[in-house]
Every structure is written in C-alpha cells, then in structure tokens.
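Single-structure report; data block below.
The values are calculated or read from the model by the stated rules, or taken from the named source; none is laboratory data. These numbers come from a predicted model, not from an experiment. As a convention, Cβ positions derive from the backbone with ideal geometry for all residues, glycine included, and neighbour counts pool all protein chains shown. For the accessible areas, the whole protein counts, side chains as well, though only heavy atoms, and no ligand, DNA or RNA atoms are used. Shrake-Rupley method; radii C 1.70, N 1.55, O 1.52, S 1.80 Å.
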Amino acid sequence: MPGDSRAAGTHHSRPSSSEEPPGLEDQELLLAAAYVSDAQYNRNVPFETSPQAIRLYHFYNHWTMRAATYFFIWVDLALALFEEPAVFPLPFLVTSIAEVLCLTAFFGRLVHFAKVTPQKVFWKDTKNICVMVTIVLTLIDLVIYASLEAVNIRGVRWSRALRPVFLINFPESRQIRRAFRSIRNTLPDILYVFLLFLFSMMIFSLMALKLFGDRDLRTVEGSPYFTNILDIAFELYVLVTTANSPDVMMPAYELNWWYSLYFIAYVIINTYIFMSVFLAVVYNNYRKHLKNEIHTLAYLKRHKMTEAFNILKVKVGTEFVVKEARWRRLVKVVAPGISSSHLELLLRISDEGQTGHVDKMNFLRLADLLNIRVVAINIKKHPLETWMPRVYQSSTSLLVQKMVQHRIFVWVYDVIILINAIFIALDEKDSLISYAEWLFLSLYIIEILLKLYTYEPSAYFGRKQFWNWFDTLIIIAALLATVANTTIQARKYNSQQVLDIVLILRILRLLRVIVSIQRFRVIVTTLINIGPTMLTFGGLVLVVYYAFAIIGMEAFHGKVHFLDPGSGSPDAAVCGNPALKDSAFARGRYCKNNFNNLASSLILLTELTVVNQWHVLADGFALVTHQAAKLYFIGFHVVVVILIVNIFIAFILEAFFVAYSLEKSEVETAIEKKIQELGVGVQEEDMKDGGLIDNVDTKDSGFSADEGGNKKQDLRGLYFRIASKKYKTVDTLLQQMFESEIAPEGKDPSLEEILNFSPKKLNFDNSA
C-alpha cells in the first residue's frame, strides 16, 4: 500500500494550517464527496484515500461503468438462448467469443475494484474470490467443451449454471446479495422446523405403508397403491402442496370411508399447521436478519457522514462546522445535476439560522436530504391566456374551466366508462354497437381536449404525471384500435393475430377506471413505489430459476419432444418418448413442458412454482430418466415455493403496508416545514388540479416568494413540495421500515463492531 494512502474508515481531520497546497482542498472535497455518496447510496466499500484512488473510485461508481457492467452481465446470461440447446441457435465460436468478451469485462471491473481498495481487504472479500474462481472455471469449461466438440463428442457446459454468480457478487447487486445473505443466515433457524416436518411426514408414510400396503389397492392408472415407502413419501409430500388432492386419497376412501380420517389428519397437521409455522419461522428469522443488515447500513451511513464532516470541518467559536462555500461545492460534486433552487432549499434547511456554516448535526443529515425527492413546481400561465387573454378569461371560458375542475366532471366520465364496459361486452357486429364505439371515443377525446384547455399543457404532461400520460395513451390506443377495427371490417381482413391485438387495445380502455377512482390510484401508486423492492426479489428468483433451468437442460434435454398431434406421427401421443406411454404426463398433453431450451425451461419452472400438477411433471421426467429425477423437482419446490416465494409474499405485504400507511420520516417533515416557512410550498388543494401540476423545473431559477414567506396569490413561479412515498433506493424504504428501532445518534456501536458484526457479537436490539 502506498505510503500516502489511507484506508477508508480511519479518522481524518482537516489540517489546522491555513496555508494549504493548491490542490489539497480539491482532494479533501473529493474524499468527502466519496463518503457522502457512499452514505447516500448505502455503499460499504473500504477504499484507498490517495488522490489517484479517490478519482478511480469516483469513476468506478459512475453510472456509465455500472451500466456497462450490467450490460455484460445480461449478455452473459442471455447467451443460454443461443447455445445448444438453443432458442436461436448460433455457432459455438460466436457464443464462446461473446462469453470471453464478457469475462474480460468482468475481470477488468475486478481489476478496477482492486485499484481502489486496500489489498488485504480485496483478498479477504469473498465476492471477489467468487468472481475470480467463476471466471477461471468458465474458461476451463470452455476449453474442455471446445476440445470435445473438435472430436465430435458432446460435452456438458456445467459452468453455465455459475453465470448468476456475476449478477450476485458485483457491488452493484448489493440488494440481491443482501437477500441471499439474509436467507443464508435464516437457514440454520428454520432447519429444525423443516426436519420436524420431514419426521412427521415419514411417520405418516410408515402408517400408510402398514395400513394400505397389503390390501392390493390400485390407482386409477392401475399402479400398485402405497406399496413402496419412497413412493408413499413422495405422494404425501405432494399432498402437502394439495396438488394431488383428492386423487391420492380415493383408492383408500373407496375401500372404507374411515380411511379418509387419515388423510384429513395429515392435511391438517402438515399442510395447515406445519406450513403455517414454517412460513412464520422463515419470515420472522428472515426479517430479524434483514433488520440487523439495515441497522448496520444505518450505522455505517452515520460513520461515513462523520468522516466527511471531519475532513471539511473548521472551528468557529467553540464548535466545529462546515463553511457554506465548502458545503455548496460538496453538494455540487455529489449531485452534479442539482438545480440552484434545490441547492438553496437544502442549504436553508441545513443552515437554519443563516449563519454561513452548517453544524455537525445538520451535516449528518445531508445524505438523507439528497435521498428525498423534492419536486420543483414551475407554475406557468396557460399558452391561450398569453395568446388570447380576453377569450381565455371570458365568462364562458371560466365557466368551462370551472366545470372541468369540478368533481362532477369526474363522476360523469366514471359513468361513461362503466356504460362503455357494457357495450364492449356486447356483439360488436351490431351497427348500433359500432356507432356507440365512435361515440364513446369522441367523448374521451373531448375530455382530454377540455383538460388541456383548462390546465397548462406542459404541466399536464409533466415528467412526473404518470396518470395523465397513462390516460392519454389509453385513449390513443383506443382510437387506433377503433380505426383498425373499422378498416378490418370494411376490407374483411381475417388475420387472427391482428384481430386479437385490436380487441386487447379496445379492452384496455377500461383501465381508465384506475385513473378515475382515487383509491385505485393510491393502491397502484403504492405498488409502483415499492417496485424496486419487488425487483430485488425478482432478481433473486431469476438467479434461482436460471441455475435450475441450466441444470434441467443438461439433465433432461431431448427426453421430451412436442410433436403436432395433426402430423399423424405415432410418437405425438407419447411426447416422442415410448417411456411415457399411458402416463398422466402424456394423457395431459404436457409435451411442450420440456427442458429443450432456456425459454421452455423457464416456462416449466414457472408452472412448477404454481404447484398445480407439478407432481405429474415430476413423474413424467422420472419415467424418461430415473426415479431420482424427482429430487430435482422436490429441491426446486423447497427452495423456490417454500422458502423464497413465502418470504417474497410476506415481505411485499409488509413493504406495501409501510409505503401505504407510514408517515413521513423526520427528514421529510423537516424539509416540508422549511418549504412552508420560506413561502415556497404548494399543497394539493392549492393547485388547480391537485397532482396535475408537477413538472420539475430544470432551470436555475431562484425562489419566487418574498422573504417574508407570503405566498403569491396567483401561484405563479417556482414552488416546491415533497414527492411523498417515492423512494430513490430500496435501502430508503427498508430503513424506514426499521427506523423506529435504530439507535439515536451517539449510541452507535464502534466501527469495528459494525464491520465484524455477527448476531452473537452484537445485538442491535439491545443497542437500540
């Protein structure tokens, strides 16, 4: 490590001498900006603090570098679509060159990371080791597979199952990695519950063997009923998922109705009690470990902000502060795109007394301030008011505007939408129905035109006006569908695919109900706001799906084929494999459910996640390979359905309730209070159409209210409001979920305790 370098995390204080070298202040500013940026985005990267390392670190975190990394990760994952067995076949040379390019990009990213972190830290980080080992194993696999291909021997590309390692282990994917880490920490806690469940299932399996094994019972397919302990265990495991109920019970039930009590007892104990307890234990322990992760993030954020403060601080009187000029420069470096008006607002919040400096308590809030979405509202005159003021301000015009703004206007169009839904369900071949379609469409277009006449157009179609864009696009789609439908009927065009698209576009018009009903909008908006959280678990599911899909393709490729039943081929009835003759798999015509390429594999895994008839799919692939193949399907069910999906459902529910009902955070409240004090706040009721005026002003215009805080009556100029419940990062939402349980400032664990955290070493519940 160079002599002038220091690892991030050590204490830095600004030199007391006023005679600083010319570039020293810029270096300190970049270092402080790196700490603030890490705190803002909850990055936990210990980096070198030499000038060169700091610049490399800023470049490492630049959005272009992150975008390039994600591009190569997705290209690497998508190669499975073009490799044998392929959806779109490409020569092995093409896919191998593409994979080598991706590996080169990953290695370059790793080398870049090594340049900004201390060597000891780099080599102790398991993420880096995993990436390097995966690169080496992939290259070895490529060489071996290419050698076998050269002599016409089919090899196995086993390293493809390791590709999700790159998605998990690069620093950009910390959300997915955190989810995996929390699940990994949860496994020891849930293992005993799962073992107890298996013990219960085996007890019932032995009971079934003794009760039914010697009674010469047969299933509907004619197979022996409950004569093999392994088959019994599999059938009872399937019964826990209810996929084979009541079929599995019927032979015993037909023999004597008393035997139904056995299955009822099994379902109550294992399906309803054990699965409910299992879900509770899984989620409770997952939440506990996630809470500890979020606590660690919160404490590390404070630590980084303290480091930044120590770098920039100067002594004024008896306390240390950061001068206003340095604070401004710092914010400009951390958030280059921030407008001067937004910057001025944050400064007014941080320097409440306008003393020309920011104290430590307010400085530590900077990362949170930057994470709050403050919407700048530039309320302008309507263009028609400028071009023809007399006409626009006439009594007739004002009456039209008042009608459009009135709640009755919305109610009238709600009724129109409901009537339109009835007409859509009727026979469109009737000429009256056809004319009605044009009438409804005309009414919708008139509605949009009236709103554009009443509200300023650039505000109505502002960057944040999702619902206005949604409504307009639905109307445009309906117009295109109606015109296309009329054209098709006139020319008697009979393309079924085009007709399907037209019908879907017409039905989509009913989505305007979501726009019309406020409670619907609130719920959908909340779902959109927690979208990043859902995407985190989506990435988690994708990783598991991809790995299981690759394993499934290697194990079951070519075992099942779909043949058109109309082709006359005798193999069509048995999915191209005689082993499936008279099987439930073949009778159910599940031939398209195969592992012959990545797309069909992912579809099959989705069907397994739904669990209905999953045992039929498992039996089918066991027939064409070996009974041990059922372990693959059981493993997928345990990992995805029991573990990940249960956590996903429970966590999304909690995140939804938090986003739906949680009050604003302390920082949001402080911003909102200062906005109102400065007289530049706009409430929903102050605007002509509530949330309609919401366009972000990108110009560097100053405050448009007087210093006394009196709001201008005409509501013209630049105003601000909080874009409530819109989270820049998943961490922001998660931190708000556990905000009340985080210890106040001054009671944080030491940095060593945080970095060496384990549940045994540090109990955040106690510290809170």
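Key figures
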| quantity | calculated |
| --- | --- |
| Spread of Cα-to-Cα distances over 5 Å intervals beginning at zero, given as percent, for the range 115-206 | 2, 11, 12, 13, 13, 12, 11, 10, 9, 5, 2, 0, 0 |
| The range 121-252 - percent relative contact order, Cα under 8 Å, separation 6 or more | 15 |
| Cα-based convex hull volume of the range 55-204 per residue, rounded to whole Å³ | 168 |
| Distance in nm between pseudo-label sites at Ala579 and Arg184 (7 Å out along the Cβ direction from Cα) | 3.5 |
| Rough spin-label spacing in nm, given labels placed 7 Å along Cα→Cβ, for Ala421 and Ile649 | 2.7 |
| Tyr435/Asp414 FRET efficiency (R0 25 Å; Cβ-Cβ; nearest 0.05) | 0.65 |
| Convex hull volume of the range 224-322 per residue (C-alpha atoms, cubic angstrom) | 135 |
| Leu347/Lys120 FRET efficiency (R0 35 Å; Cβ-Cβ; nearest 0.05) | 0.30 |
| Val316 paired with Trp63, simple spin-label distance in nm, labels 7 Å along Cα-to-beta-carbon | 3.3 |
| Average projected area [Cα convex hull, the range 312-393], square nanometres | 7.6 |
| Set Lys301/Lys323; Lys288/Lys332; Lys120/Lys291; Lys301/Lys380 screened for pairs whose C-alpha atoms are more than 31 Å apart | Lys288/Lys332; Lys301/Lys380 |
| Extension reserve of the Val75-Asp26 stretch, reckoned as 0.36 nm per residue once the Cα distance is removed | 13.8 nm |
| Heavy-atom surface of the range 273-411, accessible at 1.4 Å and reported per residue (Å²) | 45 |
| Listed residues Val400, Val143 arranged by accessible area, highest first, probe 1.4 Å | Val143, Val400 |
| For the range 56-194, accessible area per residue (1.4 Å probe, heavy atoms of protein chains only), Å² | 51 |
| Rg/Rh (Cα only; Kirkwood hydrodynamic radius) as it applies to the range 539-606 | 1.05 |
| Two-site FRET efficiency, Asp214 against Ala555, from Cβ-Cβ distance with R₀ of 60 Å, rounded to 0.05 | 0.95 |
| Candidate residues Asp564, Asp571: accessible-area rank, largest first, probe 1.4 Å | Asp564, Asp571 |
| Solvent-accessible surface ranking, highest first, for Lys581, Lys380, Lys313 at 1.4 angstrom | Lys581, Lys380, Lys313 |
| Relative frequency of Cα-Cα separations exceeding 25 Å in the range 139-268, percent | 55 |
| Nonlocal amide H pairs with Glu48, under 5 Å, H built at 1.01 Å | Ala8, Thr117 |
| Added length on full extension, which subtracts the Cα-Cα distance from 0.36 nm per residue, Met207 to Ser147 | 16.2 nm |
